[in-house]
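The values are calculated or read from the model by the stated rules, or taken from the named source; none is laboratory data. Computed from a prediction, not measured in an experiment: that's the story for all the values here. With ideal geometry, Cβ positions are generated from the backbone for all residues, glycine too; neighbour counts draw on all protein chains shown.
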Amino acid sequence: MYRFLLRPILFRLGGGDAETAHERTLHLLALLCRSRQLCRAMGHLIAIQDPGLTRTVFGIKFPNPVGLAAGMDKDGVALPAWETLGFGFVEVGTVTRYPQPGNPRPRLFRLPAHEALINRMGFNNAGAAALSHRLAATPVTIPVGVSIGKSKITPLEQAVDDYRESFRSVFPYAAYVAINVSSPNTPGLRQLQDAAHLRALLAALQEENATLGQTDPRGSRPLLVKVAPDLSESALDELLMVCADHAVAGIIATNTTVGRNGLEGSDSSLIAETGGLSGLPLSGRSRQVVRFIARATGGRLPIIGVGGIHSPDDALRMFEAGATLIQLYTGLVYRGPFLPRRINRALLSWQRERS
């Protein structure tokens, strides 16, 4: 019903502009969950509550392993809705120290024939402090991670202080903090994946983490690093060594790709748009990166697998590759709001078959 009835209507919102449709959908979800009682009632009907889905990863209890990826709800405007739809956790952001409008519009493009998106949003967000105020005022029962990135106006040589300020802002309300050094849409950001830059950044954030954790009843927060799918195996190896040296709690694999493999055929007018590609064309590469990280770390480092998960089968293949948790974004756009439920149901069956 979603793919043939509701999705065409949603895709036509805002005159067919993908970002306007996205904004209006978030607004509708936020309105829907203004009534907490209605939200809870819907959650009981949609979400699957089963102890077999529970995961405890880097010290956090997740009611199920299916999360919402960063970018879908940057400023946390529809937080209760994601819990209602059956997600086991939400990652908000990416937010930056300074509020910023992002890149000029249009900057989000659909490629329906490939179930893909191209975006060059540029970390448009209201800022880390504004997100913190919203998180403080919007309690939810599922874990909320926060993704932080570099402000566009901040020079690369001042990136450490920029991230540190964002980290301080979100610390009290974040279950974990994801360090986004892999978006292709902020100039120079991906250089922070290089060993020297990443080492300095993680050292500073872990120092801040330890200091803030001393006065917080939950202690320090798990730090995760989000990596690009375009890194070579040698670059990934180097990155993983730096992460190990600085007690990183997990890896998020992967961000969007600047590659355009698998886009031959239709949507050719949009393939040339600059930005990061997400969706089904990324699924194979994301699993490959997850599999490499799992083998390189002996399965000891938790991995959140994200990229091209559009069906229960995609999710199970990601878990088989070595993911501990998964996240959805583009799959939710193309396959609809019941995708988390379908994945969790399939995961329970898969687990029973393997036990």
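A few remarks follow.
- Pair list, Cβ < 7 Å and 6+ apart or interchain, from the range 155-182 residues that are under 16 Å from residue 212 (Cβ atoms) and of a type in the set (Gly, Ala, Ser) to residues that are at pLDDT 95 or above and in a loop (DSSP other than H, G, I, E, B): 166/96; 166/97; 174/221; 175/143
- Some residue of the range 72-83 being free of Cβ contacts under 8 Å to residues at least 60 places away in the same chain and not in a loop (DSSP other than H, G, I, E, B): yes
- The set of residues in the range 137-162 that are among the acidic types (Asp, Glu) and under 21 Å from residue 103 (Cβ atoms) contains only 162.
- Output for the range 336-355, where each listed residue is surrounded by fewer than 21 Cβ atoms within 10 Å (Cβ to Cβ) and either of a type in the set (Val, Ile, Thr) or closer than 20 Å to residue 111 by Cβ (or both): 336
- Unmet requirement for residue 117, which otherwise passes all of (1) farther than 29 Å from residue 300 by Cα; (2) in a strand (DSSP E or B); (3) in contact with a Phe, Trp or Tyr (Cβ under 6 Å, 6 or more places away or on another chain): (3)
- Residue 200 vs. criteria in contact (Cβ under 8 Å) with a residue 40 or more places away in the chain, of a type in the set (Gly, Ala, Ser), farther than 22 Å from residue 129 by Cβ and in a helix (DSSP H, G or I): yes
- Flag for residue 78 being closer than 24 Å to residue 121 by Cβ and over 17 Å from the mean Cα position of the chain (by Cα): no
- Scoring residue 132 on the criteria (1) in a loop (DSSP other than H, G, I, E, B); (2) surrounded by 19 or more Cβ atoms within 10 Å (Cβ to Cβ) leaves a single failure, condition (1).
- Restricting attention to the range 193-225 and to residues that are of a type in the set (A, V, I, L, M) and out of contact with any Phe, Trp or Tyr (no Cβ under 9 Å at 6 or more places or on another chain), the residue that is modelled with the lowest pLDDT turns out to be 195.
- In summary, helices (runs of 4 or more DSSP H) completely within the range 221-310 and bearing 3 or more residues that are aliphatic (A, V, I, L, M) occur at 233-245, 283-296.
- Of the residues making up the range 332-351, those that are in a helix (DSSP H, G or I) and either on the phi > 0 side of the Ramachandran plot or free of Cβ contacts under 8 Å to residues at least 60 places away in the same chain (or both) are 339, 342, 346, 349, 350.
- The range 160-190 - residue that is at pLDDT below 95 and over 18 Å from the mean Cα position of the chain (by Cα) and, of those, surrounded by the most Cβ atoms within 10 Å (Cβ to Cβ): 188
- Count - residues of the range 3-56 that are assigned to a loop (DSSP other than H, G, I, E, B), among the small types (Gly, Ala, Ser) and crowded, with 16+ Cβ neighbours inside 10 Å: 1
- Filter result for residue 110 (surrounded by 19 or more Cβ atoms within 10 Å (Cβ to Cβ), farther than 25 Å from residue 303 by Cβ, at pLDDT below 95 and charged (D, E, K, R)): yes
- Residue 120 touching a helix residue (DSSP H, G or I) at 6+ places or on another chain (Cβ under 7 Å), among the basic types (Lys, Arg) and surrounded by fewer than 24 Cβ atoms within 10 Å (Cβ to Cβ): no
- Conditions (1) over 30 Å from residue 10 (Cα atoms); (2) in a strand (DSSP E or B); number of the one not met by residue 167: (2)
- Cβ-Cβ under 9 Å pairs, at least 6 apart or on other chains, the range 211-230 side touching a residue at least 40 places away in the same chain (Cβ under 8 Å) and closer than 20 Å to residue 91 by Cβ, far side of a type in the set (Phe, Trp, Tyr) and part of a strand (DSSP E or B): 221/176; 222/176; 223/176; 224/176
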